[in-house]
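Written below as structure tokens is the structure these notes are about.
The values are calculated or read from the model by the stated rules, or taken from the named source; none is laboratory data. In this text the structure is predicted, and so the values were computed from the model without any measurement. Counting neighbours? That spans all protein chains shown, and the Cβs are built from the backbone with ideal geometry, glycine included. Note: areas computed on protein heavy atoms with side chains; ligands, DNA, RNA excluded. Shrake-Rupley method; radii C 1.70, N 1.55, O 1.52, S 1.80 Å.
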Amino acid sequence: MSKDVKTIGVLTSGGDAPGMNAAIRAVVRTGISNGLKVKGIRRGYAGLLEEDIIDMTTLTVSDIIQTGGTILYTARCLEFKKKEYQQKGADICRKHGIDGVVVIGGDGSFNGASRLAENGINTIGVPGTIDLDIACTEYTIGFDTAINTAMEAIDKLRDTSESHERCSIVEVMGRTAGHIALWTGIASGAEYILTTEQYHGDIQRIINKIQDRRRIGKKNHIIVNAEGIGNSAEMAKLIEIATGVETRATVLGHIQRGGNPTCRDRVFASAMGAKAVELLCEGKSNRVVGYRDGEFVDYDIQEALAMEKGLDPYLFHITKKLTTR
Ligand code: ADP
Ligand code: F6P
């Protein structure tokens, strides 16, 4: 049941993503402009349960739009999956006068937001994850920065792979989703893009392709491998043995989660943070902000969580032609 909000809280939860600070800033400044008090809940649901709550002012969020990470810190909190802790979290919100919460995170965090809503706290989710794996939205905060970081790293690997006439397997993040692999693979002109959704373990095809490319004089080979497939070191060994081409595996890892957000991440995070506060001011709850067909929209959290998302079919389709020898 929705009600008027006077004081809102904002938290970041799950894996951090560049642009989360821009979203926090937008929540705080839109909230204050709309006459609300704003509190920062540090370290996600873990901080909520420990009452790690601070007052936020327009000054608290000065000079953060350009920074990576999250000034509110983030955490994973398994306890919050239990009913008694969800109720405790809602009681703590009430104790601090917080009647609305903006949760910046991924699907897991939205589940937590929905549980808080069930316990009487108005909640709005804002999609923050580098993985782009939230079905209700075409955009998630941090994806753009992460793919640019990964793309630049792959460009660098290309240089050294060419000098040494090697094959490089680059493993990018994405949890079980292949969006980062698909985008960075296309952008870096990878010879092979292995996504969780489309790769079924056919390493022989990769080996054949490397051999074909060697025959026509190509000196280096880049394979972008999604984290959900993993096994990059093992794959490198198999390829080296089968082709005789020296092969190295590089796992890019958490470097993809850091760094100054791109312009796109800053602007989308600002719009999504502001939209979340507007929804709370309209008395809405249990909603998640999304971006679809050129518009900022919102969905019921449960409906959003039930949606499914695959790889962009057209992007996948073109990779077959673009990665041809
Ligand atoms: P993300 O939000 O990026 O998907 P996680 O899946 O790790 O990241 O979830 C972040 C946090 O959200 C968890 O540590 C937990 O505190 C909370 N959470 C996840 N799933 C649930 C759930 N089913 N019920 C309540 N809280 C949840
Ligand atoms: O969800 C973001 C993400 O970076 C995934 O791409 C990755 O699988 C996971 O988080 C890594 O989590 P952690 O920081 O706990 O190692």
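At-a-glance table
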quantity	calculated
Residue in the range 115-123 that is within 12 Å of ligand 1 (Cβ to nearest atom) and open to solvent by less than 10 Å² (accessible area, probe 1.4 Å) present	yes
Test: residue in the range 38-54 that is acidic (D, E), at pLDDT 95 or above and touching a His at 6+ places or on another chain (Cβ under 9 Å)	yes
Qualifying residue in the range 69-90 (condition: farther than 19 Å from V288 by Cα, more than 14 Å from ligand 1 (Cβ to nearest atom), surrounded by fewer than 22 Cβ atoms within 10 Å (Cβ to Cβ) and aliphatic (A, V, I, L, M))	yes
Test: residue in the range 290-298 that is open to solvent by less than 70 Å² (accessible area, probe 1.4 Å) and part of a loop (DSSP other than H, G, I, E, B)	yes
Qualifying residue in the range 155-174 (condition: farther than 26 Å from R25 by Cβ, within 15 Å of ligand 1 (Cβ to nearest atom) and in contact with a strand residue (DSSP E or B) (Cβ under 9 Å, 6 or more places away or on another chain))	yes
Odd one out for A249 among (1) surrounded by fewer than 19 Cβ atoms within 10 Å (Cβ to Cβ); (2) outside any helix (DSSP H, G or I); (3) touching an Asp or Glu at 6+ places or on another chain (Cβ under 9 Å)	(1)
Pick from the range 162-181, criterion open to solvent by less than 10 Å² (accessible area, probe 1.4 Å) and away from ligand 2 (no atom under 14 Å from the Cβ), ranking: farthest from the chain's Cα centre (by Cα)	C167
Complete set of residues in the range 202-211 that are part of a helix (DSSP H, G or I) and either open to solvent by 50 Å² or more (accessible area, probe 1.4 Å) or free of Cβ contacts under 8 Å to residues at least 40 places away in the same chain (or both)	I203, Q204, R205, I206, I207, N208, Q211
Yes/no for A17 being at pLDDT 95 or above, assigned by TED's automatic domain parsing to the domain that holds A271, buried (at least 18 other Cβ atoms within 10 Å of the Cβ) and more than 28 Å from R257 (Cβ to Cβ)	no
Residues within the range 33-68 that are surrounded by fewer than 16 Cβ atoms within 10 Å (Cβ to Cβ), part of a loop (DSSP other than H, G, I, E, B) and of a type in the set (A, V, I, L, M), tallied	1
